[in-house]
1. Would you pick out the residues in the stretch 124-149 that are surrounded by 17 or more Cβ atoms within 10 Å (Cβ to Cβ) and part of a loop (DSSP other than H, G, I, E, B)?
2. Pull up the stretch 37-77, narrow it to residues that are more than 25 Å from the chain's Cα centre (by Cα) and surrounded by 10 or more Cβ atoms within 10 Å (Cβ to Cβ), then point me to the one that is farthest from residue 96 (Cα to Cα).
3. Looking at the stretch 97-123, which of its residues are assigned to a loop (DSSP other than H, G, I, E, B), closer than 14 Å to residue 77 by Cβ and in contact with a helix residue (DSSP H, G or I) (Cβ under 7 Å, 6 or more places away or on another chain)?
4. Name the pairs whose Cβ atoms lie under 7 Å apart, with the first residue in the stretch 2-27 and on the phi > 0 side of the Ramachandran plot and free of Cβ contacts under 8 Å to residues at least 60 places away in the same chain, the second surrounded by 10 or more Cβ atoms within 10 Å (Cβ to Cβ) and part of a loop (DSSP other than H, G, I, E, B), and 6 or more positions between them or separate chains?
5. Among the residues of the stretch 1-18, how many are farther than 28 Å from residue 31 by Cβ and part of a loop (DSSP other than H, G, I, E, B)?
6. How about the stretch 59-96: which of its residues are in contact with a helix residue (DSSP H, G or I) (Cβ under 8 Å, 6 or more places away or on another chain), free of Cβ contacts under 8 Å to residues at least 40 places away in the same chain and part of a helix (DSSP H, G or I)?
7. With (1) surrounded by 15 or more Cβ atoms within 10 Å (Cβ to Cβ); (2) touching a strand residue (DSSP E or B) at 6+ places or on another chain (Cβ under 9 Å); (3) more than 18 Å from residue 147 (Cβ to Cβ) as the list, and residue 96 as the residue in question, which single condition is left unmet?
């Protein structure tokens with residue numbers, strides 16, 4: 001065997017399809033693209049939610065309501081829940097950092113305290129929002145409230 005005798009194995013190579021080179025290529029006319037239309041042209045891209053000319057579902061279904069993009073979603077804790085959390089995790093301070101470390105909120109969550117239930121222990125709070133009733137109950141129990149932005 002010498003270098004000039006080397007050939008690829010039988011069936012391992014294929015001839016390239018020569019599209020758009022006339023009838024003699026065996027792929028002439030439409031060049032395997034089907035019939036005329038946008039899909040047979042170069043650069044065709046189907047639009048998102050295109051349904052073949054049928055009215056798309058986002059246009060068939062009526063629109064209702066309003067979604068405020070600037071709305072701030074709060075993770076809400078009631079005073080009764082906080083009392084149980086304080087017993088379970090031994091909080092000395094109810095802050096965003098403590099809640100995140102213990103896996104109760106994610107890094108970007110906002111926390112609001114509401115006044116349902118009772119709190120007996122004097123805790124310091126560092127939260128994003130608090131109701132007036134909750135603030136009064138916390139201060140009556142000897143705790144402090146700090147609003148964090």
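All of the numbers you see were taken from the coordinates with simple rules; none came from a lab. The structure presented is a predicted model; accordingly, all values stated were derived computationally and were not measured. In this analysis, Cβ positions are derived from the backbone assuming ideal geometry, glycine residues included, and neighbour counts consider all displayed protein chains.
1. Once the filter is applied, which keeps residues that are surrounded by 17 or more Cβ atoms within 10 Å (Cβ to Cβ) and part of a loop (DSSP other than H, G, I, E, B), the stretch 124-149 yields only 143.
2. Only one residue tops the list, namely 40.
3. Step one: list which residues in the stretch 97-123 are assigned to a loop (DSSP other than H, G, I, E, B), which gives 102-109, 115-123.
Right, trim to closer than 14 Å to residue 77 by Cβ and you get 102, 104-105, 109, 115-119, 123.
Hits for the stretch 97-123 are 102, 105, 115, 116, 117, 118, 119, 123.
4. Pairs that qualify, where the first residue is on the phi > 0 side of the Ramachandran plot and free of Cβ contacts under 8 Å to residues at least 60 places away in the same chain and the partner is surrounded by 10 or more Cβ atoms within 10 Å (Cβ to Cβ) and part of a loop (DSSP other than H, G, I, E, B), are 20/31; 22/28.
5. First, pick out the residues of the stretch 1-18 that are farther than 28 Å from residue 31 by Cβ: 1-7, 9-10.
From what is left, the residues that are part of a loop (DSSP other than H, G, I, E, B) are 1-2, 6-7, 9-10.
Residues flagged as farther than 28 Å from residue 31 by Cβ and part of a loop (DSSP other than H, G, I, E, B) within the stretch 1-18 amount to 6.
6. Hit for the stretch 59-96 is 89, nothing else.
7. (3)
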